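Chemist: For reference, the structure I am asking about is given below.
The values are calculated or read from the model by the stated rules, or taken from the named source; none is laboratory data. All of these numbers come straight from a predicted model, not from anything done at the bench. With ideal geometry, Cβ positions are generated from the backbone for all residues, glycine too; neighbour counts draw on all protein chains shown. SASA here: full protein model, heavy atoms, side chains in, ligands and nucleic acids out. Shrake-Rupley method; radii C 1.70, N 1.55, O 1.52, S 1.80 Å.
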Amino acid sequence: MESSVKKFPHLTTLEVTKEVENPEPVTGTVTGEIPHWLNGSWFRNGPGILHFKQESVKHWFDGMALLRKFHFENGVVTYTSRLLHGDSMQKNTAAGCVVVSELYTSANKNGIFRRLKSFLSLPELTDNCLINFLPLGGHLCAITESNFTRNIDPVTLKTREKVDLAKHLPISLMSSHPLVDADGSVFTFSTSVAGTTRTRYNLIKILPCQADVPLEEVLKRAVVVGSIDSKWFLSPSYYHSFAMSQNFAIFIEMPMKMNIPKMAIAHLRHISYSECIDWRPEIKTRIHLVDKRTGKRFPAVFETDPLVVYHYINAFEEDGHVVLDMCCYKGQGFYEKFLVENLEEGPQNYRSKFGSDDKIVRATRFILPLTEDTSLCDKENLVRLSYTNCAAKVVKFGEIFCSGELLVSGTENPTINNKYLGRKYKYFYSSGGLSLPPGEMLTKIDVEKKRRIHTWKEKGCWTSEALFLQRPGAVSEDDGLLISSVTCEEGNPFILILNAMTFEQIARVHFDTNIPPDIHGIFIPGA
């Protein structure tokens with residue numbers, strides 16, 4: 001058998017018996033000096049258990065959620081972690097196998113199944129909320145892509161009540177990347193599946209609330225700003241996130257279709273939900289704009305060649321155009337990278353499997369002209385911005401075909417200075433992803449020059465999605481810190497703090513404990 005160091009042990013050695021919880025804060029050892037203004041909590045989410053007594057999950061994203069918190073205060077950093085004690089985790093650990101289906105791992109045949117309420121309605125989905133967090137007033141909720149969320153104690157990370165968002169809003173499935181607008185409003189997209197009516201994608205706005213407002217009241221104040229009818233009656237597009245400019249929410253309807261009737265009986269047929277998702281490369285990708293203020297859809301629909309996008313970099317408006325930057329694949333390569341059987345391959349085999357053109361991620365720019373006159377000749381390029389090679393042409397009334405341009409290849413999990421969300425920007429940061437799992441490096445990309453300008457990389461080190469924090473009083477967009485949680489194949493994990501301008505190291509904080517790799521998170525400032 002190959003040595004574990006030749007595989008990806010930092011991703012595949014999470015057992016139910018392995019100690020991953022640190023309910024009491026662990027204080028890190030600081031090398032360098034942490035800026036005095038860095039105070040707050042960085043909450044991270046991701047898998048904490050992959051292997052049960054009798055069975056392992058098939059995909060890294062199917063692992064049981066481990067909530068983590070790095071707290072920065074007066075130059076000291078502490079780490080706390082707890083498993084999310086939801087229904088899914090408790091049932092799976094008690095049974096020693098998977099009895100609640102996840103995306104790639106179907107429930108064991110001996111598991112406990114719920115009866116379908118109706119043939120065309122989804123069975124109750126997992127509450128294994130391992131992807132991200134949703135800030136709701138003074139409440140912090142762990143989320144996945146289902147309608148269930150778990151309220152979390154932000155101090156202790158203890159699991160609080162289970163919340164069914166479908167009781168308050170039209171949510172069967174939901175984006176796991178909520179975006180916070182400049183006024184503090186939280187936006188997200190949901191998919192609503194309601195029997196025989198057409199499936200819809202809903203733009204949801206959660207108004208800012210004081211910290212003492214009860215969670216139930218926060219959800220009552222949430223509104224559906226607008227909706228988009230799915231092109232396919234009962235096979236809506238899968239999506240992981242969305243983008244926002246100053247005035248628009250941008251939703252991409254990909255030809256990666258979820259077969260809802262098949263999903264509704266997946267547990268009866270003992271197939272995973274991933275087997276109910278069809279990639280249809282013969283179908284074009286559709287891009288919709290929804291006005292964040294009025295909920296009205298932009299009259300034209302933009303189309304482009306078939307692609308898959310999980311993460312958006314940014315979007316902004318300029319001279320009658322929406323500029324949209326995102327990390328694109330030509331197929332379903334991103335999720336395939338995290339199948340446990342693939343992670344157990346050696347890096348050489350892994351590279352050969354995921355180094356092909358259709359599995360490489362590309363940061364790509366599209367420009368959407370805000371013209372309502374779609375009677376123009378299809379030979380005319382509607383893009384008027386001088387600095388781009390992007391094109392947009394009318395193909396028929398109400399439809400505009402867009403051609404993008406490459407910014408840089410091999411960049412996943414993008415991060416920007418959030419002060420520039422929805423605004424024209426110059427830089428983004430990435431944890432890599434050319435062929436190995438994202439996390440092999442940290443890079444800084446200049447979108448105007450279309451190239452990497454800085455890279456941090458150390459052998460045997462795997463970085464998390466980065467966090468950018470702007471320095472108080474900063475004028476320059478990149479004047480701040482870039483922070484990443486680094487897992488090591490050998491040695492203790494650490495927090496890496498870089499000068500985001502120069503990529504010079506400011507500090508490292510080592511922890512004498514097990515800190516598994518994570519997925520996404522949120523920073524909440526203040527002590």
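Chemist: Does anything in the range 19-43 have its amide N under 18 Å from the 7 Å Cα→Cβ label point of VAL76, and if so which residues?
Modeler: Flagged as within label range: 23-42.
Chemist: Follow-up. Could you give the dipole magnitude of the range 300-375 about its Cα centre, charging the beta-carbon of Lys and Arg +1 and that of Asp and Glu -1, in debye to the nearest 20?
Modeler: 480 debye
Chemist: Roughly how many percent of the accessible protein surface of the chain is carbon and sulfur, given a 1.4 Å probe and a whole-percent answer?
Modeler: Working: 10120 of 20940 Å².
It is 48 percent, rounded to a whole number.
Chemist: Restricted to Cα positions, what overall size does the range 311-410 have along the principal axes? Three whole-Å values, descending.
Modeler: 53, 25, 18
Chemist: Would you work out the Kirkwood radius for the range 119-225? I mean one over the mean of 1/r across all pairs of different Cα atoms, in Å.
Modeler: Result for the range 119-225 stands at 14.2 Å.
Chemist: In addition: Rolling a 1.4 Å sphere over the protein heavy atoms, what is the accessible area per residue of the range 356-418, to the nearest Å²?
Modeler: That works out to 45 Å² for each residue.
Chemist: Here's something else I'd like to know. Quick one: longest stretch of the chain between exposed loop chymotrypsin sites (Phe, Trp or Tyr not before Pro), exposed meaning at most 11 other C-beta atoms within 10 Å and loop per DSSP? Kindly include the intermediate steps, with their values, before the conclusion.
Modeler: Details: sites that count: PHE119, TYR387, PHE397.
After excluding every exposed loop site, the longest remaining stretch is 120-386.
Chemist: Now for a different question. Quick one: length gained pulling SER185 to ASP373 fully straight, 0.36 nm per residue minus the C-alpha distance?
Modeler: Between SER185 and ASP373, full extension yields an extra 64.5 nm.
Chemist: Quick one: order VAL155, VAL26, VAL309 from most to least accessible surface, probe 1.4 Å.
Modeler: So, going from the largest accessible area down, we get VAL155, VAL26, VAL309.
Chemist: Computed over the Cα atoms, what is the radius of gyration of the range 54-110 divided by 2.2 N^0.38 Å, N being its residue count? Write down the numbers at each step before the final one.
Modeler: On the way: Rg = 15.2 Å, N = 57, 2.2 N^0.38 = 10.2 Å.
Cα-based Rg divided by the globular estimate yields 1.48.
Chemist: VAL225's amide H: which non-local residues (gap 5+, or another chain) put their own amide H closer than 5 Å, with H modeled 1.01 Å from N in plane and none for Pro or chain starts?
Modeler: Answer set, sorted by chain and number: LEU203, ILE204, LYS205.
Chemist: Add -39500 (n - 2.57) for each DSSP H run of 4 or more in the chain, then divide by its residues: what number comes out at 222 nm, to the nearest 500 deg cm²/dmol?
Modeler: Rounded to the nearest 500, it is -2000 deg cm²/dmol.
Chemist: Any chance you could check the Cα centroid distance between the range 65-103 and the range 336-410 for me, in angstrom?
Modeler: The distance from the Cα centre of the range 65-103 to that of the range 336-410 comes to 35 Å.
Chemist: On the full set of protein chains, 1.4 Å probe, figure out the accessible area of ASP357 and give it in Å² to the nearest 10.
Modeler: Approximately 80 Å² of ASP357 is accessible to the 1.4 Å probe.
Chemist: Find the percent of Cα-Cα distances in the range 194-236 that exceed 13 Å, and round it to a whole number.
Modeler: 62 percent
Chemist: Using Cα pairs under 8 angstrom and six or more residues apart, how large is the relative contact order of the chain, in percent?
Modeler: For the chain, the relative contact order is 14 percent.
Chemist: With a cut-off of at most 11 other beta carbons within 10 Å, and DSSP calling the residue loop, which trypsin sites (Lys or Arg not before Pro) in the range 365-404 qualify? Please list them.
Modeler: Within the range 365-404, the qualifying trypsin sites (Lys or Arg not before Pro) (loop, at most 11 other Cβ atoms within 10 Å) are LYS379.
Chemist: Still on this structure: Among MET441, THR371, TRP456, which residue has its Cα furthest toward the positive end of the charge dipole of the range 362-461, with +1 on Lys/Arg Cβ and -1 on Asp/Glu Cβ?
Modeler: It is TRP456.
Chemist: Still on this structure, I have one more. For the range 283-291, take each phi angle, set θ = phi - 60°, evaluate the Karplus expression 6.51 cos²θ - 1.76 cosθ + 1.60, and give the result in whole Hz per residue in order, putting x for glycine and proline.
Modeler: 9, 6, 8, 10, 10, 10, 10, 10, 5
Chemist: Separation of the range 37-56 and the range 259-276 by C-alpha centroid, Å?
Modeler: Going from one Cα centre to the other spans 27 Å.
Chemist: Per residue, what volume in Å³ does the Cα convex hull of the range 439-492 take up? Don't skip to the answer; put the middle values down first.
Modeler: Working: hull volume 4.5 nm³, N = 54.
In the range 439-492, the Cα convex hull volume per residue is 84 Å³.
Chemist: I've got another one for you. Counting Lys and Arg as +1 and Asp and Glu as -1, each charge on the Cβ, what is the dipole of the chain about the Cα centre in debye, to the nearest 20?
Modeler: With Lys and Arg at +1 and Asp and Glu at -1, about 980 debye.
Chemist: Might you tell me the accessible area per residue for the range 270-311, computed with a 1.4 Å probe and given in Å²?
Modeler: Per residue, the range 270-311 has an accessible area of 40 Å².
Chemist: Averaging the inverse of every distinct alpha carbon separation and then flipping it gives the Kirkwood radius. What is it for the range 356-473, in angstrom units?
Modeler: About 16.4 Å for the range 356-473.
Chemist: Starting from one equal scatterer on each C-alpha and no solvent at all, send me the Debye-based log10 I(q)/I(0) for the chain at q = 0.06, 0.07, 0.12 Å⁻¹, two decimals.
Modeler: Here the Debye-derived log intensity ratios amount to -0.27, -0.37, -1.20.
Chemist: Leaving out ligands and nucleic acids, and using a 1.4 Å probe, what accessible area per residue does the range 148-258 come to in Å²?
Modeler: With all protein chains present, the range 148-258 gives 37 Å² per residue.
Chemist: How about the range 466-515: which GluC sites (Glu not before Pro) there are in a DSSP loop, with at most 11 other Cβ atoms within 10 Å of their Cβ?
Modeler: GLU490, GLU504
Chemist: With no solvent and one point on each alpha carbon, what is the Debye value of log10 I(q)/I(0) for the range 424-527 at q = 0.17, 0.18 Å⁻¹?
Modeler: -0.81, -0.90
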